[in-house]
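Engineer: Sharing a structure, written as structure tokens. Questions coming.
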Amino acid sequence: MSFWPWYGLRGGQQTESWEASVPAGASPGRPVAAARQDADQFSMICPTQALRAQAGRVEVEMDHCVHCQRCRQGADPLPWQEDAAWSHWRDTHAQPFPARFRRSLHVLYVDAGACGACVNEIRLVDAPVYNLHRFGIFITATPRDADVLLVSGPITDAMHRAVVKAYAAMPEPKRVLGMGVCAINGGVFGKSFASHGGLEGVIPVDLWIPGCPPPPLAIIEGLRRLMGWTNGPAEREVR
Amino acid sequence: MSEATGLRHWLQSYPALSLSEVDGYCLRLVCTPEQLPGLARELVEHWQAEFATLLVEEHPDRALSFTVRYYFYAPRQHHLLELRIAVAPGTELPAISDAVHAADWHEREAWDLYGLRFTGHPFLGDFVLHDEDWPEGVDPMLHRFSARQRPAGEGSGEHWQPPQLLEEEGAIVFPVGPIWGDYNESGLWLLETPGEQIRYLHTRLFYKYRAVEKIAEGQAVDQAFLLSERFAGAAALAHSWAYCQAVERIAGCTAPRRAEQLRILFAELERARHHCANIAEICGSTALSVAKAMAQNLVEDWLRLSAQVAGHRYLFGLLCPGGLRQDLHAEQRNLWIAALARLRRDLLALREHLETSSSFLDRIEEMGTLTADFAKTFGVVGPIARASGRALDLRRHLPYGAYSEWEPEIPTEEQGDGYARLRIFFAETLISIGLMEEMLTQIADGPIRTECPIRAGHALAWVEAPSGATFHWLRLAEDGSVLRLRLGTPGFRNWHAFERAIQGAAFQDFPIILATWGLSVAENDR
């Protein structure tokens, strides 16, 4: 017979410290802007226009980066760093929740055409190492109970109505979090007859989490930013 | 006479059939619409051939003229068969789905997206394009349709009603989805019940239809690669490998030996992670939270290992036509070997705990059973097929890459229930770990990439993805742009049979059965 409580206790505490540096492999990392003489030519290797040459530098537009790794493969790559604090407000008017939400935030997740990698990363936010619940964040079953609408995917035509209805059903105050490059601009699927090309113009968005997919740490960081917390896991310098 | 020559001989003596063996792997036949149903039935019933995929192509200059290709493979003879038929504008093809039921959804899809009608098919309509949204009579895969923007007009608006077959007093249709209470992929599952038992299930998918096959058209090879890699992120490596193979087959190039070995290593790494994620979902669906946490730890371990050896948790950006984009270094290899020992130990411990938890086994034994007969009729693939007694695996039956030298063991179970599928997920993960361990000590030295010229032409390529056989068909133009990309995925095959495993189950078993199937909606919807 299996004695599950004992197996659980025997494993000890497995949750990783929030302030510690990002554990190896917990993030795919991202390219970092750098000055280089061949900036014009180098930035063309990016298939999603996430690299932009400007005054002898290669600038990185994280909202377009799908971690295809082309700028770090090859003889003379861009530097990359493994971090996970990627979220940013959509505009300057956006506000975090009032402080009373800091111990209880309820999130409804909607898949609006995500490829499965985003879904898989969301499924891990309550894994022991990440333990989303320690921050008072919970996944809820209905928009009526949700404070946050977390959306991934390029917003397919068939999910458009469902996303709009879910948003309308949420009580105020509410915030919308667009997760993954697809939700920001359609990602590799772009805008077409079948995809809206992201959340913009579908419902009002407060915060973006770029990444393809954003790892669990980046998702939690985004949710914490919505609650008004600003500290995230420390960066890890790698090549 | 061997079986392979027997099949060829039979085809050669088939009246009025032109047979041309273009290359070593594929028998190509041109047939007429009248010949099609009889030929397809004989292939499947007499020669035990498996239906692979169906491909429609519109003629580049003659609108509404189609070339339709039916692919079959004969597992015992290791042979692939192509039946090609020209369809003139306004004419129909006979449906083969009463003889080859696995082709049922393919025919519905071709009707929905091309407007190609199949005579005798009972359920054409409302499939990929939902009737309440999409204007009637607009076929998006036709050349004249522009992918850039949605056509004006609506479908029948909010009037669409879920079907209801049950007419008993108190019978209801209980909808699940498209938005879920937790983290599932979007889709609509309509459970018909008089209160407790599910009598019928209607699965309505394609809420996530991103029209990947359509938007790939006109893209450069490199750009469409991103689509093939990311339309189903949980099996990115498998699908991008199939895509690369298609480009390589058109160019007539082969990846170097080291690259072929590394591809197997990464593919098995992906399979192991995919299966562990399914195990975590199965544990979670039965509310066994400690077991779920243990399985989640395994998934996270695989993902971190992937990021450390390949730079990305889901192995994105690794492959390219001609080989790999990046090499595996000695320290990464050592890290990989060390991780495998740890992961095997944890996996075995979890399996032992689960196999001795009677309350857990009660929830998955004789649950969501797909009988061997249905598995054959629906032509299911991958772990689902192997859990229902069908020892099918393209790595063995149509070997690609270096799998002809590194033949994996193919586990099978007979019961076809949830527990059989769980055992298959465990067994295949352990076999993948063994294969990785063996290979990691014997990787050939040498280059990881060869120059792969982009040529005009077309080719079919296949990979045994974590969830089963995937067939990618690609046609490239002179300038290297994609003219047609067909993604014949395992998700599309297996969802078709899912309804058969639900009928008669109790209401509360639905999420458990769903988890034991572990199917990807993104892979189905494309």
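Engineer: Measure of size requested: the Rg and Dmax of the stretch B:3-119, with Cα atoms as the atom set and Å as the unit; please supply both.
Structural biologist: 13.9, 41
Engineer: At 37 °C and 0.692 mPa s, grab the translational diffusion coefficient of the stretch B:224-300 from Stokes-Einstein with a Kirkwood Rh over Cα pairs, rounded to a whole number in µm² per second.
Structural biologist: Translational diffusion coefficient: 232 µm²/s.
Engineer: If packing is taken as the average number of other Cβ atoms within 10 Å across a peptide's residues, how do B:514-520, B:360-366 rank, most packed first?
Structural biologist: For the peptides B:514-520, B:360-366, the packing ranking is B:514-520, B:360-366.
Engineer: What is the order of B:R148, B:R108, A:R52, fewest Cβ neighbours within 10 Å to most?
Structural biologist: With the sparsest Cβ surroundings first, the list reads B:R148, A:R52, B:R108.
Engineer: Okay, moving on. When the gyration tensor of the protein assembly as shown is built from Cα positions, what are the square roots of 5 times its three eigenvalues, in whole Å, from largest to smallest?
Structural biologist: 37, 31, 29
Engineer: Taking just the alpha-carbon atoms of the stretch B:410-526, what radius of gyration and Dmax come out, in angstrom?
Structural biologist: Values for the stretch B:410-526 (Cα only, Rg and Dmax): 19.4, 57 Å.
Engineer: Ok, one more. Pop the C-beta distance of B:Q223 and B:R28 into the FRET formula with R0 = 45 Å and round what comes out to the nearest 0.05.
Structural biologist: 0.90
Engineer: Report, please, the projected area of the stretch A:30-82 averaged over directions, based on the convex hull of its C-alpha atoms, in nm².
Structural biologist: Directional mean of the projected Cα hull area for the stretch A:30-82 stands at 3.2 nm².
Engineer: Moving on. All other residues with a Cβ under 11 Å from the Cβ of B:A251 taken together, and with Lys, Arg as +1 and Asp, Glu as -1, what is their net charge?
Structural biologist: Result for the neighbourhood of B:A251: 0.
Engineer: Quote the convex hull volume per residue of the stretch B:269-348, based on C-alpha atoms, as a whole number of Å³.
Structural biologist: 87 Å³
Engineer: Working from the alpha-carbon coordinates of chain A, get Rg over Rh, Rh being the Kirkwood radius.
Structural biologist: For chain A, the value is 1.00.
Engineer: Compute log10 of I(q)/I(0) for the stretch A:1-135 with the Debye formula, placing one identical point scatterer on every Cα and leaving out solvent, at q = 0.15, 0.22 Å⁻¹, to two decimals.
Structural biologist: -1.00, -1.38
Engineer: Two decimals is fine: what's Rg over Rh for the stretch B:183-335, C-alpha atoms, Kirkwood radius as Rh?
Structural biologist: Taking Rh as the inverse mean 1/r over Cα pairs, Rg/Rh reads 1.07.
Engineer: Could you please report the charge total around B:G120, scoring K, R as +1 and D, E as -1 over all other residues with beta-carbon less than 15 angstrom from its beta-carbon?
Structural biologist: -2
Engineer: If you build the Cα gyration tensor of the stretch B:212-525 and take the root of 5 times each eigenvalue, what three semi-axes come out, in whole angstrom, biggest first?
Structural biologist: That gives 33, 23, 16 Å for the three semi-axes.
Engineer: Let me ask something else. To the nearest 0.05, how large is the calculated FRET efficiency for A:R134 and B:E478 if R₀ is 45 Å and r is the Cβ-Cβ distance?
Structural biologist: So, using R0 = 45 Å, E works out to roughly 0.20.
Engineer: Provide the FRET efficiency to the nearest 0.05 for the B:Y14-B:R76 pair, computing r from the beta carbons and using R0 = 22 Å.
Structural biologist: 0.65
Engineer: Which of the helices in chain B meet the span-like rule: DSSP H, Cα axial reach of 30 Å or more, Kyte-Doolittle mean at least -0.5?
Structural biologist: Taking the DSSP H segments of chain B (at least 30 Å long, mean hydropathy at least -0.5), we get B:257-285, B:289-310, B:330-355, B:418-440.
Engineer: Order by neighbour count: B:V221, B:V138, fewest other Cβ atoms within 10 Å first, most last.
Structural biologist: So the ranking, lowest neighbour count to highest, is B:V138, B:V221.
Engineer: Cross-link candidates for A:K191: which aspartates and glutamates have Cα within less than 16 Å, leaving aside residues fewer than 8 places away along the same chain?
Structural biologist: Straight-line reach from A:K191, under 16 Å: A:D63, A:D157, A:E200, B:E213, B:E217.
Engineer: Continuing with this model, one more query. Could you tally the net charge around A:R225, taking each other residue with its Cβ under 11 Å from the Cβ of A:R225, Lys/Arg +1 and Asp/Glu -1?
Structural biologist: 0
Engineer: How many partner chain Cβ atoms sit within 10 Å of a residue's Cβ in peptide A:17-30, on average, as a whole number?
Structural biologist: Shielding by partners across A:17-30 averages 3.
Engineer: For chain B, calculate the relative contact order in percent as a whole number, restricting contacts to Cα pairs under 8 Å that are 6 or more residues apart.
Structural biologist: Reported relative contact order: 16 percent.
Engineer: Report the paramagnetic label zone for B:S289: residues of the stretch B:494-526 whose backbone N is under 19 Å from a point 7 Å from Cα along the Cα-to-Cβ axis.
Structural biologist: B:512
Engineer: In nanometres, what is the gap between the two model label sites at A:K165 and B:E355, each 7 Å from Cα along Cα-to-Cβ?
Structural biologist: That separation, rounded to one decimal, is 4.6 nm.
Engineer: From the residues A:G12, A:A24, B:S285, which one has its Cα farthest along the dipole of the protein assembly as shown in the positive direction, the dipole being from +1 and -1 charges on Cβ of Lys/Arg and Asp/Glu about the Cα centre?
Structural biologist: With unit charges placed on the Cβ atoms, the residue in question is A:A24.
Engineer: With +1 on each Lys and Arg Cβ and -1 on each Asp and Glu Cβ, and nothing else charged, work out how big the dipole of the stretch B:3-119 is about its Cα centre, in Debye to the nearest 20.
Structural biologist: Computed about the Cα centre, the dipole is about 220 debye.
Engineer: Looking at the stretch B:150-205, what % of the alpha carbon pairs are farther apart than 18 Å?
Structural biologist: In whole percent, the long-distance tail amounts to 47.
Engineer: How large is the Kirkwood hydrodynamic radius of the stretch A:81-125, counting all unique pairs of alpha carbons, in Å?
Structural biologist: Hydrodynamic radius (Kirkwood, Cα pairs) of the stretch A:81-125 is 13.8 Å.
Engineer: Highest mean first, how do B:458-468, A:132-142 rank when packing is the count of other Cβ atoms within 10 Å averaged over residues?
Structural biologist: B:458-468, A:132-142
Engineer: Can you show me the helix-derived [θ] at 222 nm for chain A, built from DSSP H runs with n ≥ 4 at -39,500 (n - 2.57) apiece and divided by the number of residues, rounded to the nearest 500.
Structural biologist: Dividing the helical sum by the residues of chain A leaves -5000 deg cm²/dmol.
Engineer: Still on this structure, I have one more. Semi-axes, largest first, in whole Å: what does sqrt of 5 times each Cα gyration tensor eigenvalue give for the stretch A:104-231?
Structural biologist: So the three semi-axes of the stretch A:104-231 are 22, 17, 12 Å.
Engineer: Now for a separate question. To make sure I understand the rule: partners must be aspartates and glutamates, Cα under 13 Å from the Cα of A:K174, and not fewer than 8 residues away in the same chain. Which ones qualify?
Structural biologist: Correct list for A:K174: A:D145, A:D147, A:D206.
Engineer: Additional query: What does the helix-only formula give at 222 nm for chain B: each DSSP H stretch with n ≥ 4 adding -39500 (n - 2.57), the total divided by the residues, and the result rounded to the nearest 500 deg cm²/dmol?
Structural biologist: Result for chain B: -12500 deg cm²/dmol, rounded to the nearest 500.
Engineer: Now for a different question. Taking other Cβ within 10 Å of each residue's Cβ, how do A:W18, B:W111, B:W10 sort, fewest first?
Structural biologist: B:W10, A:W18, B:W111
Engineer: Still on this structure, please answer the following. Out of B:M294, B:W111, A:A141, whose Cα points farthest toward the positive end of the dipole of the protein assembly as shown (charges: +1 Lys, Arg; -1 Asp, Glu; placed on Cβ)?
Structural biologist: With unit charges placed on the Cβ atoms, the residue in question is B:M294.
Engineer: If I stretch the segment between B:E132 and B:E438 completely, what's the gain in nm (0.36 nm per residue apart, minus their alpha carbon distance), one decimal?
Structural biologist: Difference between extended and current length: 104.8 nm.
Engineer: Averaged across the residues of B:304-313, what count of C-beta atoms belonging to other chains lies within 10 Å of each residue's C-beta?
Structural biologist: Neighbouring Cβ atoms belonging to other protein chains average 6 per residue here.
Engineer: May I pose another question? What are the extents of the Cα atoms of chain B along their three principal axes, listed from largest to smallest and rounded to whole Å?
Structural biologist: 70, 60, 53
Engineer: For the stretch B:356-473, take N as its residue count and report Rg(C-alpha) divided by 2.2 N^0.38 Å.
Structural biologist: 1.32
Engineer: Also, quick follow-up: If the chain between B:D327 and B:D61 were fully stretched, how many nm would it gain, using 0.36 nm times the residue separation less the Cα-Cα distance?
Structural biologist: Length gained, B:D327 through B:D61: 91.4 nm.
No lab work stands behind these numbers, since they all come straight from the coordinates. Note that the structure is a prediction, hence the values are computed from the model and not measured. Cβ sites come from the backbone with ideal geometry, for glycine too, and all protein chains shown count toward neighbours.
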